[in-house]
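Undergrad: Dropping the structure in here first, questions after.
The values are calculated or read from the model by the stated rules, or taken from the named source; none is laboratory data. Predicted model only: the values in this text are computed from it and were never measured. Please note: Cβ atoms are built from the backbone with ideal geometry, for glycine as well, and neighbour counts cover all protein chains shown. The area values use the complete protein model at the heavy-atom level, side chains included, leaving out ligands, DNA and RNA. Shrake-Rupley method; radii C 1.70, N 1.55, O 1.52, S 1.80 Å.
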Protein chains: 2
Amino acid sequence: MATEAHGTAPTTTLPFVDFETHPDRYRHWKLSVEGDIGYLTMQVAESGGLVPGYELKLNSYDLGVDIELHDAVQRLRFEHPEVKAVVLRSGRDRVFCAGANIRMLSQSSHGHKVNFCKFTNETRNEIEDASANSGQRYLCAITGTAAGGGYELALAADHIMLVDDKSSSVALPETPLLAVLAGTGGLTRLVDKRRVRRDLADVFSTLEEGVRGKRAVDWRLVDEIVPKSQWDEAVCNRARALAGTSDRPTDAVGVRLGPLTRQIDESTVAYRWVTLEIDRDRRLANVTITGPDSPPPADAVGAAAQGDRFWPLALARELDDAILHLRLNEPEIGQLVFRSLGNPAEVLAYDALLEQAKSDWLIREVRLFWKRVLKRLDLTSRTMIVLIEPGSCIAGTLAEIAFAGDRSAMFEGNVTGQSRLPAVLALSQLNFGAYPMGNGLSRLETRFLGEPDSVGAAAQRRGELLDAENAGRLGLVTFVYDQVDWADEIRIMLEERASFSPDALTGLEANLRFPGPETMETKIFGRLTAWQNWIFQRPNAAGEEGALRRYGTGVQPTYDRKRV
Amino acid sequence: MATEAHGTAPTTTLPFVDFETHPDRYRHWKLSVEGDIGYLTMQVAESGGLVPGYELKLNSYDLGVDIELHDAVQRLRFEHPEVKAVVLRSGRDRVFCAGANIRMLSQSSHGHKVNFCKFTNETRNEIEDASANSGQRYLCAITGTAAGGGYELALAADHIMLVDDKSSSVALPETPLLAVLAGTGGLTRLVDKRRVRRDLADVFSTLEEGVRGKRAVDWRLVDEIVPKSQWDEAVCNRARALAGTSDRPTDAVGVRLGPLTRQIDESTVAYRWVTLEIDRDRRLANVTITGPDSPPPADAVGAAAQGDRFWPLALARELDDAILHLRLNEPEIGQLVFRSLGNPAEVLAYDALLEQAKSDWLIREVRLFWKRVLKRLDLTSRTMIVLIEPGSCIAGTLAEIAFAGDRSAMFEGNVTGQSRLPAVLALSQLNFGAYPMGNGLSRLETRFLGEPDSVGAAAQRRGELLDAENAGRLGLVTFVYDQVDWADEIRIMLEERASFSPDALTGLEANLRFPGPETMETKIFGRLTAWQNWIFQRPNAAGEEGALRRYGTGVQPTYDRKRV
């Protein structure tokens, strides 16, 4: 193991990590709804860590706690159309949240730390997405200490309230205490979202004890402070005011998100619409996506009647779970090879419904969910290769997977002796803005930064089943091979990729996938995450005598004093 | 040593690195001028490495080679106002440049690799700055192989020509060959400057042999290919065409950049206008900047007559050298504490000249040079604290140093028994756009992202000598302390900072210093560099069995296959 070879951290082997959960099984959060206000109350079970070796004291969290939060944020959107504002609060006295559990971090492998931070970052983005696009506004009501990841959670909300009781405070003590960064978006949100003056941000980020009271407002760290005597009423009023800005329906019925259909064995994960086949020898996963088995319902009402069986929703849930499964449970699988099977015209028919009914709350949620799933794909640190073969259905929304991939290859012509239709690729209106990447552009705009006219040329061909020659000419695929070359070319490409250093590929892909403009989101995943990953490897943080290991021992960490 | 503790690279201790050089002493480059065209011809001396242990074969480079390039780019601007286009070319057959020397990288410490990349990145930005702002356009004429850093050098030029001879090619083979990234801006410039389609960029960046001929043009990797028979003429014509777009003067006389006045001993570097005092116990450097000793000349002609003694130019050169000296030769010095000494009104008088005569070529160069020096400060991975005490001259251009700092502190009132004037801070027109940061904003715009009205409020007070109370109220300084508190507060601040992990501080500062928009430049230094630094620590690249160490041995590297 890399980390062991470095003599840095004792690595606990993670058990199978399951991202599926349900409020009935939450151990750390309570989800409740009162009228149009949702409440997410954090009360972390100390003994409820994912693995042994640490206690989740003071509302500190590990990946398991965040899996519940992710689940709750998702259910609030689909199951509770009536909820227009959500209050994040603590169920404990004197502490809001102490952030990521330090013993958990110190005993985790480098890879787990990175994956943990990535997922928690994604969940904070989900909160911001709910607020910005789904009319579900978040209010963070801080009583007690919000430190490190605790304050970073607050930073994801639209509005931060802090009780003014002489002890409640916000803090980012990672650098002074632990020799790491506030890496779950904290430093970026501080200066780019809340626009804290950079020298004050520097001071704040080095104050172990944090900031409280009026100074917290003056420095733009929180939006308001409220005396304890007026707290409950003020939080309630503020939540109502936020709810008043929402465009969510008042009388819609939510869609229940039932358990996923999923069978897992040694080398396969079989969902209803997605199949993963793990090829351990070649260190790759074959991901097969199945198109719909029937035409779409006539309208949004029909989609709601199908509930979580509505194909685009069911597929998105499965694909999301599959990506997370691969990330956490299959770290040695370096390549994801996507294939699809189905009728591209039917996929386009679903896209037509998603476009025509986009003002409906549920259809909007489905589209926004696909946006998030595709972003999670963009951020997946595995090579993604999309194969478009006869019988595939890379159309519209599914074509986004091809554009998210690092490369694609398309089969030209027929296969001798096979009756399947030649491979086609088709675009729908949804390829032109419905699913922006983290950089704010569509995947086609990103692809064609250097030749913007190609976006228009592709738009002209919406709805057409483009064969390989046309798809190649329009620049929509990387390679076109015919039957003579296909098998060898694909084999060589996959073998060659598998021979490269996984770390270099991670860095290469992270730099090539996001050309064009930067946003707070790309800054968090590009700049902040990359620095955090660097620091997570440094002996000053992760070494035997580093701050993460020495924390709480009473022994000061030993630092290499060289500046790099 | 961190790297040794990791068992990664054998670290060669660098000798004193001197950034001063002169074309007469170049070993690796030839600088020649023919009319309005400059030629920079690369012919690296194999045995001319900065330290023993590697040979600079195939026009590969180390820091010493790039120091000469930096010097040449600088001299072309100041000493050759007549040069309107510069041709970068190779003096060797069959190879343009093989990039950074691999044995040098494999024997270097982590810190040296990082500093080497930072300096080479800065030098490529200097080339782009000359082209964009100084009317000195760069043409890269590639004969032979331009691989890795060789192609990254080409990417800095406005126009890339490649001879079409069936063997000359461009390549970024870092990932397949060395398990690292094309980290000197390569990956970013590929997709963000040249806007190569991201999937083609992915293919290109994994092709050891690179791309040549028509495909290199089709993929936007080069701007044109030319048959060998027409090469010299085509390069000449293209250089003339580029020169034709320049606004540089035709009849101006250049300013000779003479040797710096500099005395170095164990704990002091004394220039004419800058003094460094190294306090090794406290791991800090006191940097004192001296204001002008006489009023400015009346106009640009007077400035030209003073030549390299013109105070703003002389000071910028010294400060630039001092920053580079600290970076390379004083790695354990974690904090730079800036002070100044002089007459702020006189600094403002110089600024008035720099503003009034800004259309003059030399004054323009001086302003652009200050912009670059200040950017180098922004990118310096040391905490920068600026103290504004009685007798200081933090005004206009020098106030940019205070805004570049992570924090500043200003002394309020008089010192008992001292006759010095109270501390003041003054702004000039040059604080409002003359010195944009890498993010494209002025330092005041960056500072006041969250309160843009404060920029206007500050602009109203241009030319005033603001006392501490006013400077504090305008948000121009972080702390204001009076005589009672000053000494203790400053001491505690410096001690506390010195106790933190240098790595975490580097990451913290890199994230807080650049809020707001991102540019190609901030992406290179933020995203790409951070990923490269991460990879430079990974055993897959830098370990005993990693690709950097195994390169050229005939033994394949061993990779940890986990994806992070």
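Undergrad: Two decimals, Cα atoms only, Kirkwood Rh: what is Rg/Rh over the range B:135-203?
TA: Values: Rg = 12.1 Å, Rh = 12.5 Å.
For the range B:135-203, the value is 0.96.
Undergrad: Follow-up. Give, ordered by residue number, each residue of the range B:548-564 whose 1.4 Å probe accessible area is reduced by a minimum of 10 Å² on adding the remaining protein chains to the chain alone.
TA: Those are B:Y559, B:D560, B:R561, B:K562, B:R563, B:V564, which lose 10 Å² or more relative to the chain on its own.
Undergrad: Along its principal axes, what span do the Cα atoms of the range A:122-236 show, with the longest given first and each in whole Å?
TA: 37, 34, 22
Undergrad: What does the buried accessible surface come to for B and A, summed over both chains, with the probe at 1.4 Å? Round to 100 Å².
TA: When B and A are taken together, about 9200 Å² of accessible area is lost.
Undergrad: Which parts of the range A:150-187, residue by residue, lose 10 Å² or more of accessible area when the rest of the protein chains are there, as against the chain isolated (1.4 Å probe)?
TA: When all protein chains are present, A:T175, A:P176, A:A179, A:L181, A:L187 each give up 10 Å² or more of accessible surface.
Undergrad: Still on this structure: Straight-line reach from B:K562: which lysines fall under 30 Å, measuring Cα to Cα and dropping same-chain residues less than 8 apart?
TA: List returned: A:K113, A:K118, A:K371, A:K375, A:K523, A:K562, B:K113, B:K118, B:K523.
Undergrad: Follow-up question, since we're still on this one. Decide, for the range B:271-398, between rounded, prolate and oblate: order the square roots of the alpha carbon gyration tensor eigenvalues as a ≥ b ≥ c, take rounded if a/c falls under 1.5, and otherwise choose prolate if a/b is larger than b/c, else oblate.
TA: Prolate shape, in that a/c is at least 1.5 and a/b is the bigger ratio.
Undergrad: Based only on the alpha carbon positions, what is the Kirkwood hydrodynamic radius of the range B:19-96, in angstrom? Intermediate values should be presented prior to the final figure.
TA: Numbers: mean 1/r = 0.0773 Å⁻¹.
This gives a value of 12.9 Å.
Undergrad: Please compute the alpha carbon radius of gyration of the range B:80-176, then divide it by the globular-protein estimate 2.2 N^0.38 Å. Two decimals is fine.
TA: The range B:80-176 yields a ratio of 1.16.
Undergrad: From the square roots a ≥ b ≥ c of the eigenvalues of the alpha-carbon gyration tensor of the range A:197-236, which class results: rounded (a/c under 1.5), prolate (a/b over b/c), or oblate?
TA: It comes out prolate by the Cα gyration axes.
Undergrad: Convex hull over the alpha-carbon atoms of the range B:359-413: what's its volume per residue in Å³?
TA: It comes to 83 Å³ per residue, whole-number rounded.
Undergrad: Counting heavy atoms of the protein chains only and a 1.4 Å probe, report the per residue accessible area for the protein assembly as shown as a whole number of Å².
TA: Details: 38270 Å² over 1128 residues.
Spelled out: the 1.4 Å probe surface of the protein assembly as shown, per residue, equals 34 Å².
Undergrad: As a test of the definition: which semi-axes, in Å, follow for the range A:242-329 when you take the square root of five times each eigenvalue of its alpha carbon gyration tensor? Largest first, please.
TA: Taking √(5λ) for each Cα gyration eigenvalue gives 32, 17, 10 Å.
Undergrad: Using the Karplus equation 6.51 cos²θ - 1.76 cosθ + 1.60 (θ = phi - 60°), what ³J(HN,Hα) coupling, rounded to whole Hz, does each residue of the range A:39-53 give in order, writing x for Gly and Pro?
TA: Result, ordered by residue: 10, 10, 10, 8, 8, 6, 6, 4, 8, x, x, 4, 9, x, x Hz.
Undergrad: When the Cα centres of the range B:130-158 and the range A:291-323 are compared, how far apart do they sit, in Å?
TA: What the calculation gives is 52 Å, centre to centre.
Undergrad: Please compute one quarter of the surface area of the Cα convex hull for the protein assembly as shown and express it in square nanometres.
TA: 43.2 nm²
Undergrad: Then there is this: Calculate for chain B the 222 nm mean residue ellipticity that helices alone would give, adding -39,500 (n - 2.57) per DSSP H run of length 4 or more and normalising by residue count, nearest 500 deg cm²/dmol. All intermediate terms of the calculation are to be shown ahead of the outcome.
TA: Numbers: 22 runs with 215 residues, N = 564.
Per the formula, -11000 deg cm²/dmol.
Undergrad: So for chain A, averaging the separation of alpha carbon pairs under 8 Å that are six or more residues apart and normalising by length, what relative contact order in percent results?
TA: Value for chain A: 12 percent.
Undergrad: Another one. Against the 2.2 N^0.38 Å scaling, with N counting residues, where does the range B:7-154 land? I'd like the Cα-based Rg ratio to two decimal places.
TA: Normalised by 2.2 N^0.38 Å, the Cα Rg of the range B:7-154 equals 1.03.
Undergrad: Rounded if a/c is under 1.5, else prolate if a/b is larger than b/c, else oblate: which is the range A:464-516, with a ≥ b ≥ c the root eigenvalues of its Cα gyration tensor?
TA: The shape class here is oblate.
Undergrad: Sum up the charges of everything whose Cβ sits under 12 Å from the Cβ of B:V347, counting Lys and Arg as +1 and Asp and Glu as -1, but leave B:V347 out.
TA: Net charge in that neighbourhood comes out at -4.
Undergrad: More than 16 angstrom separation, counting every C-alpha pair in the range B:395-498; what % is that?
TA: 60 percent
Undergrad: Something else about it: Starting from the Cα of B:K30, draw a straight line to each of the lysines and keep only those under 18 Å, dropping any in the same chain fewer than 8 residues away.
TA: List returned: B:K57, B:K84.
Undergrad: Can you compute the equivalent ellipsoid semi-axes for the range B:293-346, i.e. the square root of 5 times each eigenvalue of the Cα gyration tensor, sorted largest first and rounded to whole Å?
TA: Its equivalent ellipsoid spans semi-axes of 29, 15, 6 Å.
Undergrad: State the percentage of accessible surface on chain B attributable to carbon and sulfur atoms; use a 1.4 Å probe and exclude ligands, DNA and RNA.
TA: Of all accessible area on chain B, carbon and sulfur atoms account for 47 percent.
Undergrad: Okay, moving on. For the range B:496-536 and the range A:510-537, what is the centre-to-centre distance using only Cα atoms, to the nearest Å?
TA: Measuring centre to centre over Cα atoms gives 10 Å.
Undergrad: Once amide H atoms are built 1.01 Å from N in the peptide plane, which residues 5 or more positions from A:W29, or in another chain, come under 5 Å H to H?
TA: When sequence neighbours closer than 5 places are left aside, the close amide H contacts are A:Q43.
Undergrad: Note down the net charge around A:L512, summing +1 for each Lys or Arg and -1 for each Asp or Glu among other residues with Cβ under 9 Å from its Cβ.
TA: Local net charge: -2.
Undergrad: Antiparallel as a % of all DSSP beta bridges within chain B, to the nearest 5? Show your work: numbers first, answer last.
TA: Details: 20 of 66 bridges.
The answer is about 30 percent antiparallel.
Undergrad: Return the aspartates and glutamates within reach of A:K228: Cα separation strictly under 15 angstrom, same-chain partners fewer than 8 residues apart disregarded; answer none if there are no such residues.
TA: Correct list for A:K228: A:D93, A:D164, A:D165.
Undergrad: Right, here's the next one. Using just the C-alpha positions of the range A:443-564 as equal point scatterers, what log10 of I(q)/I(0) does the Debye formula give at each q in 0.11, 0.17 1/Å?
TA: Values returned for q = 0.11, 0.17 Å⁻¹ are -0.68, -1.07.
Undergrad: Sorted from largest to smallest, which semi-axis lengths in Å does the alpha carbon gyration tensor of chain B give for its equivalent ellipsoid, taking the root of 5 times each eigenvalue?
TA: Details: eigenvalues 326, 166, 86 Å².
In descending order, the three semi-axes are 40, 29, 21 Å.
Undergrad: Lys and Arg at +1, Asp and Glu at -1: add these up for the other residues within a Cβ distance under 10 Å of A:L155 and post the number.
TA: Charge balance near A:L155 sits at +2.
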